[in-house]
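J.: Sharing a structure with you now.
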Amino acid sequence: MSSMWTLHDIGDRADLRPAYVDAVNAVVVDTWGRADFSREERELFGRDQRYQQRARLVALDDDGSPLGHAGLELPRADNTRVAYVEVGTVPAARGRGIGSALYDELVARSRRAGRTVLMASTDHPSEPQGAGTLAPPTGAGRVSTAAPGVRFALRRGFRLEQVERHSVLDVPLEVADAAGRTARAQAEAGDDYRVHTWSGATPAQWLDQMAVLHTRMSTDVPTAGLDWTEERWDAERVQDRDDEHARRGVGYLTAVVEHVPSATLVGYTSILTVPHTPLYVHQDDTLVLREHRGRRLGMLLKLANLARLADEHPEARRVGTWNAQENSPMLAINVELGFRPAGGSGEWQLTLT
């Protein structure tokens with residue numbers, strides 16, 4: 001492999017997109033040993049810039065083969081001091097300074113945009129124990145200090161703030177067992193709560209209330225020491241999110257729970273289907289408002305959406321989800337459903353000086 005390489009800002013260069021996708025997927029498969037998290041071009045580049053300004057960079061060998069990728073996301077509507085950075089180098093190209101060059105460019109751009117906080121994630125196919133590990137201040141979860149991404153982050157002054165557990169559930173669930181669990185959860189919830197489901201775009205009647213739930217999702221889930229404040233959602237932002245999913249080829253299955261006496265939505269859960277495979281789907285957000293917890297509504301919601309998944313996507317075989325290791329209530333629901341630990345991520349933060 002040649003020692004010469006160049007860094008490119010993709011911008012509107014559609015001709016550079018395949019190389020970027022190839023670099024992303026090479027890093028994904030090397031990290032996880034499987035392609036569940038691989039991406040397609042439309043999924044990666046179908047996002048708009050209204051709420052997040054995005055930049056994508058790719059490093060190319062002199063023969064045009066991809067060597068590494070980088071991504072920068074700058075929130076525009078809220079949390080405008082924060083920049084999300086992502087850097088990956090394909091396995092055969094490591095040790096050539098490519099990751100460092102990509103990272104330095106992202107830092108420079110973040111500074112020019114006036115950002116003072118960098119956030120980043122490192123992926124881990126298993127959760128280590130014992131010596132050679134690092135725990136966040138929450139004390140929940142660990143990452144290996146030998147992992148390349150961890151070494152990269154520590155050398156640049158990042159602080160590990162949180163560890164998330166990745167869990168996987170084999171589907172479809174056994175029908176009789178799922179029905180029994182649903183009946184028990186509904187009995188505990190009582191007649192004051194009713195589940196509704198839909199696929200794709202949010203029904204007009206629920207747009208405003210879903211905006212409230214998305215706003216609460218940004219504040220009601222554990223964020224450890226991450227410098228993250230409320231995201232402000234309205235009906236238009238919900239619609240834009242729905243349009244973006246369709247443009248990216250991402251399916252969206254939603255279950256909500258209504259508090260019948262007040263005609264108010266008090267919880268939701270969502271599953272994302274992805275264009276590159278029918279076998280793996282993402283369990284996305286799940287939230288029950290604090291004032292309505294303790295009634296098995298989280299279990300009721302997840303069971304309803306898993307039933308819908310079985311009906312609409314019977315080819316699905318695995319559901320993956322991510323939860324903060326200190327989020328014991330949600331982890332308990334997942335374990336009860338049959339989710340098994342399958343790795344995790346470290347969530348990192350750096351204050352720019």
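The values are calculated or read from the model by the stated rules, or taken from the named source; none is laboratory data. Note that this is a predicted model, so its numbers are computed, not measured. Cβ placement follows ideal geometry from the backbone for every residue including glycine, while neighbour counts extend to all protein chains displayed.
J.: Looking at segment 201-228 only, could you name the residues that are more than 18 Å from the chain's Cα centre (by Cα), buried (at least 16 other Cβ atoms within 10 Å of the Cβ) and not in a helix (DSSP H, G or I)?
T.: Ala201, Thr202
J.: Asp9 versus (1) closer than 17 Å to Glu86 by Cβ; (2) buried (at least 16 other Cβ atoms within 10 Å of the Cβ): which is the lone unmet condition?
T.: It is condition (2) that Asp9 fails.
J.: Answer yes or no: is there a residue in segment 102-117 that is within 19 Å of Thr31 (Cβ to Cβ), in contact (Cβ under 8 Å) with a residue 40 or more places away in the chain and in contact with a Gly (Cβ under 7 Å, 6 or more places away or on another chain).
T.: Yes, segment 102-117 contains at least one residue that is within 19 Å of Thr31 (Cβ to Cβ), in contact (Cβ under 8 Å) with a residue 40 or more places away in the chain and in contact with a Gly (Cβ under 7 Å, 6 or more places away or on another chain).
J.: Might you let me know whether segment 10-18 holds any residue that is modelled with pLDDT of 95 or more, in a loop (DSSP other than H, G, I, E, B) and touching a Ser or Thr at 6+ places or on another chain (Cβ under 6 Å)?
T.: Within segment 10-18, not a single residue is modelled with pLDDT of 95 or more, in a loop (DSSP other than H, G, I, E, B) and touching a Ser or Thr at 6+ places or on another chain (Cβ under 6 Å).
J.: Going by the conditions given, is Ala77 of a type in the set (Gly, Ala, Ser) and out of contact with any helix residue (DSSP H, G or I) (no Cβ under 9 Å at 6 or more places or on another chain)? Steps first, please.
T.: Numbers: of a type in the set (Gly, Ala, Ser): yes; out of contact with any helix residue (DSSP H, G or I) (no Cβ under 9 Å at 6 or more places or on another chain): no.
Spelling it out, it is not the case that Ala77 is of a type in the set (Gly, Ala, Ser) and out of contact with any helix residue (DSSP H, G or I) (no Cβ under 9 Å at 6 or more places or on another chain).
J.: Only one of these conditions is not met by Ser110: (1) part of a helix (DSSP H, G or I); (2) surrounded by fewer than 19 Cβ atoms within 10 Å (Cβ to Cβ); (3) among the hydroxyl-bearing types (Ser, Thr, Tyr). Which number is it?
T.: (2)
J.: Let me ask you something else. Which of the residues belonging to segment 10-38 are under 20 Å from the mean Cα position of the chain (by Cα) and either among the aliphatic types (A, V, I, L, M) or not assigned by TED's automatic domain parsing to the domain that holds Glu127 (or both)?
T.: Within segment 10-38, Val21, Ala23, Val24, Ala26, Val27, Val28, Val29, Ala35 qualify.
J.: Looking only at residues in segment 134-180 that are in a loop (DSSP other than H, G, I, E, B) and of a type in the set (D, E, K, R), which one is surrounded by the most Cβ atoms within 10 Å (Cβ to Cβ)?
T.: Arg142
J.: Continuing with this model, one more query. Could you tell me which residue of segment 19-39 is surrounded by the most Cβ atoms within 10 Å (Cβ to Cβ), considering only residues that are aromatic (Phe, Trp, Tyr) and in a helix (DSSP H, G or I)?
T.: Pass one, segment 19-39, residues aromatic (Phe, Trp, Tyr): 20, 32, 37.
Filter once more, keeping what is in a helix (DSSP H, G or I): 20, 32.
On the way: Tyr20: 26, Trp32: 17.
Within segment 19-39, the match that is surrounded by the most Cβ atoms within 10 Å (Cβ to Cβ) is Tyr20.
J.: Something else: Looking at (1) of a type in the set (A, V, I, L, M, F, W, C); (2) free of Cβ contacts under 8 Å to residues at least 60 places away in the same chain; (3) closer than 16 Å to Val27 by Cα; (4) exposed (fewer than 14 other Cβ atoms within 10 Å of the Cβ), which one does Ala131 not meet, given that it meets all the others?
T.: (3)
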